[in-house]
Amino acid sequence: MNRRNFARSALIAGAALPLKSSLMAQTRGSKQQWYEFRTYHFADDIQRQLTSAYLEQALIPALNRAGCTTIGVFFESQPEGIPHSYLLIPFDSIDAFTTINDKLARDSAYAKAGQSYLDAPATAPAYQRIESSLFKAFAHMPTIEVPEKKTRIFELRRYESPTESAGQKKIEMFNDAGEIDIFKKVGARPVFFGEALIGPNRPNLTYMLCFDDMAGHDTHWKAFGTDPEWKKISGQPEYSDARLISKITRTFLEPAPYSQV
């Protein structure tokens, strides 16, 4: 089974009602984007440099030629050991996601530019593993929002929920109760919000915020936590973290010099 058919089968059969409703919304003409988010794991810095060169010189230009824009590449700012690399690819449709490998396979410039990475031998691979997730953008922030290209840091946050219904309730809190709007009001610049449809640690939602620096991060989070509207929303029993969240993971990231986000 090729990647396109496998991805379609997994999307349709693998994730019950929340995924079904997302696919129905896409069919009805929703403009919500889909995000592939990859984490590259490395054994040493040689692998990291080889993969970085591939992303900059081969993959990102090829994705741009294929119609995928605003590709984000990030490195851990507080790594433990060899830092991971993170790749964010926005797609305007599920078809764009399922056909991208076919387009890359027909791109001779991509094959030439990425040869060292693509043909790396098993004895000297370009990475240890790639961990990949597919997200559906939230309705209230349906497309990626690219921050100004200046000195900046990113905070990636993942909220794991104890059940699918709890995960949907947390998404409702962002979409309908107004949590996304509060982030924007206090100056914490959201980049994307996504519901994980395929990937590890489901059910979860993942989002990314942008700040000028860590001082700005602390200031904006303090403003968020003390915002009267946030206090009102978070004070509702139906939205309590104790009911909706089982684990929060956050990672601080810096953009690669060639990142388009």
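The values are calculated or read from the model by the stated rules, or taken from the named source; none is laboratory data. Predicted model only: the values in this text are computed from it and were never measured. Cβ sites come from the backbone with ideal geometry, for glycine too, and all protein chains shown count toward neighbours. All accessible areas refer to the heavy atoms of the entire protein, side chains included, with ligands and DNA or RNA removed. Shrake-Rupley method; radii C 1.70, N 1.55, O 1.52, S 1.80 Å.
General remarks:
- Distance from the Cα centroid of the stretch 61-137 to that of the stretch 199-231 is 27 Å (rounded to whole angstrom).
- Greater than 29 Å apart at Cα, pairs in Lys136/Lys184; Lys103/Lys184; Lys31/Lys222; Lys112/Lys150; Lys136/Lys185: Lys103/Lys184; Lys31/Lys222; Lys112/Lys150
- Gyration tensor (Cα) of the stretch 210-261, equivalent ellipsoid semi-axes in angstrom: 28, 16, 9
- Binning all Cα-Cα separations of the stretch 104-217 at 5 Å, short to long from zero, yields these whole-percent fractions: 2, 10, 16, 16, 13, 13, 13, 8, 7, 2, 0.
- Counting Cα-Cα pairs of the stretch 181-231 in 5 Å increments starting at 0 gives whole-percent bin shares of 5, 20, 23, 18, 16, 13, 6, 0.
- Relative contact order for the stretch 110-261, counting Cα pairs under 8 Å that sit 6 or more residues apart, in percent: 34 percent
- Average accessible area per residue (Å²) across the stretch 42-168 - probe 1.4 Å, nucleic acids and ligands excluded: 48 Å²
- The stretch 69-160: trypsin sites (Lys or Arg not before Pro) in DSSP loop, at most 11 other beta carbons within 10 Å: Arg106, Lys149, Lys150
- Dimensionless Rg over Rh [the stretch 154-214; C-alpha; Kirkwood]: 0.99
- Annotation: amide H of Ser85 within the under-5 Å range of Tyr40, sequence separation 5 or more or interchain, hydrogens built in the peptide plane.
- Under a 5 Å amide H cut-off, with hydrogens placed 1.01 Å from N, Ala256 pairs with Val73, Phe74, Phe75 among residues at least 5 apart or on other chains.
- Relative contact order of the chain, pairs being alpha-carbon contacts under 8 Å that are 6 or more residues apart, as %: 26 percent
- Evaluated with a Cβ-only charge set (Lys, Arg +1; Asp, Glu -1), the chain carries a dipole of roughly 620 debye about its Cα centre, given to the nearest 20.
- For the stretch 18-152, the fraction of alpha-carbon pairs in successive 10 Å shells from zero, as %: 11, 37, 34, 16, 2
- Computed over the chain, the per-residue total of -39500 (n - 2.57) for DSSP H runs of n ≥ 4 gives a 222 nm mean residue ellipticity of -11000 deg cm²/dmol, rounded to 500.
- Taking amide H as placed 1.01 Å from N in the peptide plane, the amide H of Arg189 sits under 5 Å from that of Cys210, each at least 5 places away or on another chain.
- Over all pairs of different C-alpha atoms in the chain, the reciprocal of the mean inverse distance, the Kirkwood hydrodynamic radius, equals 19.4 Å.
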